[in-house]
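Step one of this worksheet: look at the structure below.
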Amino acid sequence: MRPIKLAPSILTADFGRLADDVRAAEAAGVDLLHLDVMDGRFVPNITFGHQLVEALRKVTSLPFDLHLMVVEPERQVPLFEGIADTINVHIEVSPHINRTLDSIRKLGAKCGVCINPGTPVEAIIESLSDVDQVMVMTINPGWGGQQMIPRQLEKVARIRGLLDGGGYGAGIMIDGGVKAGNAAACAAAGADTLVCGSSVYNAERSVAESVAALRAALRGA
Ligand code: DX5
Ligand code: ZN
């Protein structure tokens, strides 16, 4: 099986000691950091914006994977110039997706398209050749700590088939409800990268223990 990348989301980290929590993930050997920007409109919650991302940029050398859960994401994209390695926008709020993806590339970042559980795969078919990554939401976005909607893994498998069949190089990221208990199933469905929020930042285990448990699950240990 190909190597699966782990992308902790800081959503359930301790915001009072965020720098320490980010360093702990880096020390645990994760591959990238997933940053959930919410605007209180596309999703009910508000999290943080480019200023916090800029501050974290000074704390870690992990690549930053930005998940824009905002309406009119094209207005936010320029704010993340030079601080985000990948910028992902939701298809549900991107009527001019090609223009938005172009604007991300012009900043020198990779681009991704995100798709909600209730949105059919057809909505992103025209974008598959243009993106570096497809982010399949396996929960309805807005909160960490939700249960994965298992049927979304069928969507992942279908997108994997479309990418492979078309010869497109985009990766697939799964976001929502990833745990040690379902990580192998996510990989088997065709994911390349797993966002891990509450399965990395939780009260039960240290970040290092949580990351080790996810890696072990992916090895089939
Ligand atoms: C939710 C965010 C997710 C979230 C995942 O809207 O997009 O990235 O942090 O958290 P878990 O892994 O706990 O579902
Ligand atoms: Zn996310």
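The values are calculated or read from the model by the stated rules, or taken from the named source; none is laboratory data. Quick caveat, the model's predicted, so the values are computed rather than measured. Cβ sites come from the backbone with ideal geometry, for glycine too, and all protein chains shown count toward neighbours. Ligands, DNA and RNA are excluded from the accessible area calculation, which covers all protein heavy atoms including side chains. Shrake-Rupley method; radii C 1.70, N 1.55, O 1.52, S 1.80 Å.
Structural remarks
- Cα centroid separation, the range 102-130 to the range 1-24 (Å): 24
- Radius, Kirkwood style, for the range 53-118 when every pair of distinct Cα atoms is counted (Å): 12.1
- Pair-distance distribution of the range 1-114: all C-alpha pairs, bin width 5 Å, starting at 0; shares per bin in whole percent are 2, 12, 23, 24, 19, 13, 6, 2.
- Contact order, relative form, for the range 57-168: 19 percent (alpha carbon pairs under 8 Å, 6 or more residues apart, mean separation divided by residue count).
- Mean residue ellipticity (222 nm) of the chain, computed from DSSP H runs ≥ 4 via -39,500 (n - 2.57), nearest 500: -9500 deg cm²/dmol
- The range 72-169 - Rg and Dmax from Cα coordinates, angstrom: 13.6, 36
- Sequence-separation-based contact order of the chain, relative, with Cα cut under 8 Å and 6+ spacing, percent: 21
- Segments 124-130, 111-117, 212-218 sorted - mean Cβ within 10 Å per residue, highest first: 111-117, 212-218, 124-130
- Rounded to the nearest whole Hz, the Karplus-based 3J(HN,Hα) values (6.51 cos²θ - 1.76 cosθ + 1.60, θ = phi - 60°) of the range 47-57 follow the sequence 10, 7, x, 5, 5, 5, 4, 4, 5, 5, 4, with x at glycine and proline.
- Overall, the ratio between the Cα radius of gyration of the chain and 2.2 N^0.38 Å, rounded to two decimals, is 0.93.
- Carbon + sulfur, % of accessible area of the chain - ligands and nucleic acids excluded, 1.4 Å: 50
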